[in-house]
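Structure first, then comments.
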Amino acid sequence: MENEMLEKTIGLIVADDLAILRDHFCSIINGEKDMKVLAQASSGKQAVQLASELKPDLMLMDIEMDMRHDGIFAAQEILAANPEIRIVFLTIHEDDDTVFNAFEVGAVDYILKTIDSSELVAGIRAAYRRNSPIRPEIASKIRNEFSRIRRNESRIFDAMSIVSSLTPSEKAIITLLLQGKKPAEITAIRNVELTTIKSQINVILKKFNKNRTKEIVKMIKDMNIAHLFYR
């Protein structure tokens, strides 16, 4: 099966809004015996149209063309209609969001435009066989993301433990704090003495190990658990 794949000419569409870059990539691809550029696209919209008409084996596509992430939006549409097409993104960006967005839509590789021609060709062949390697720069980002998720999980677990220890009265006060209410306003709403509210807030601060109620509010909002206080 792999020999058959290697013998077949890989049909590609090159999508980039800069003609000089399209011509550069097309020149490299057409210089290979097992590859052929079927068409060029200068926008995500055109890439979607050509993919539908020509059914290429692989799309070599810039992430940003007409607008930010234009290539990603185009890839989603292309893969929804033709899931067998391999998408290899070309970009000058290495930021985490762009990398993860690229792979989330189903890209098989993510190549920097500064890559040399031999690596580009090798990347296309690997993507066609669906055995693209995880590049070192991508592997590093994945490791960092897993570390971030682990840290978040730990923070959420700690926060949930604290939330479960709160009394109904303390939860009610936090709900009002999330709404931007001040201690004096909370006093009026709950119809108790200001000293009582201040005392309860001090207990809440100790439970969360914070110095200010703003820190608690920010933490709850950052972890998207505010809904727990509105039940």
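The values are calculated or read from the model by the stated rules, or taken from the named source; none is laboratory data. Treat the numbers as computed from the prediction; the structure is a model and nothing was measured. Methodologically, a virtual Cβ is constructed for each residue, glycine included, from the backbone with ideal geometry; neighbour enumeration extends over all protein chains shown. Only protein heavy atoms, including side chains, enter the accessible area calculation; ligands, DNA and RNA are left aside. Shrake-Rupley method; radii C 1.70, N 1.55, O 1.52, S 1.80 Å.
Go through (1) crowded, with 18+ Cβ neighbours inside 10 Å; (2) without any contact (Cβ under 8 Å) to a residue 60 or more places away in the chain; (3) in contact with a Lys or Arg (Cβ under 7 Å, 6 or more places away or on another chain) for ASN30 and report which single condition fails.
(1)
Restricting the range 201-224 to residues that are of a type in the set (Lys, Arg) and outside any helix (DSSP H, G or I), which is least open to solvent (accessible area, probe 1.4 Å)?
LYS210
If I ask for residues that are in contact (Cβ under 8 Å) with a residue 40 or more places away in the chain and in a helix (DSSP H, G or I), which ones from the range 17-27 would you list?
Passing the criteria: LEU21, PHE25.
Can you pull out every residue in the range 38-94 that is touching a His at 6+ places or on another chain (Cβ under 9 Å) and either at pLDDT 95 or above or open to solvent by 20 Å² or more (accessible area, probe 1.4 Å) (or both)?
GLU64
Write out, first by first residue and then by second, each pair whose Cβ atoms fall under 9 Å of each other, whose residues are 6+ apart or on separate chains, and whose first residue, in the range 74-90, is at positive phi while the second is part of a strand (DSSP E or B).
none
Among the candidates ALA172, ALA159, single out the residue that is modelled with pLDDT of 75 or more, assigned to a helix (DSSP H, G or I), open to solvent by less than 70 Å² (accessible area, probe 1.4 Å) and more than 18 Å from ASN224 (Cβ to Cβ).
Details: ALA159 fails: more than 18 Å from ASN224 (Cβ to Cβ).
Going through ALA172, ALA159 in turn, the sole match is ALA172.
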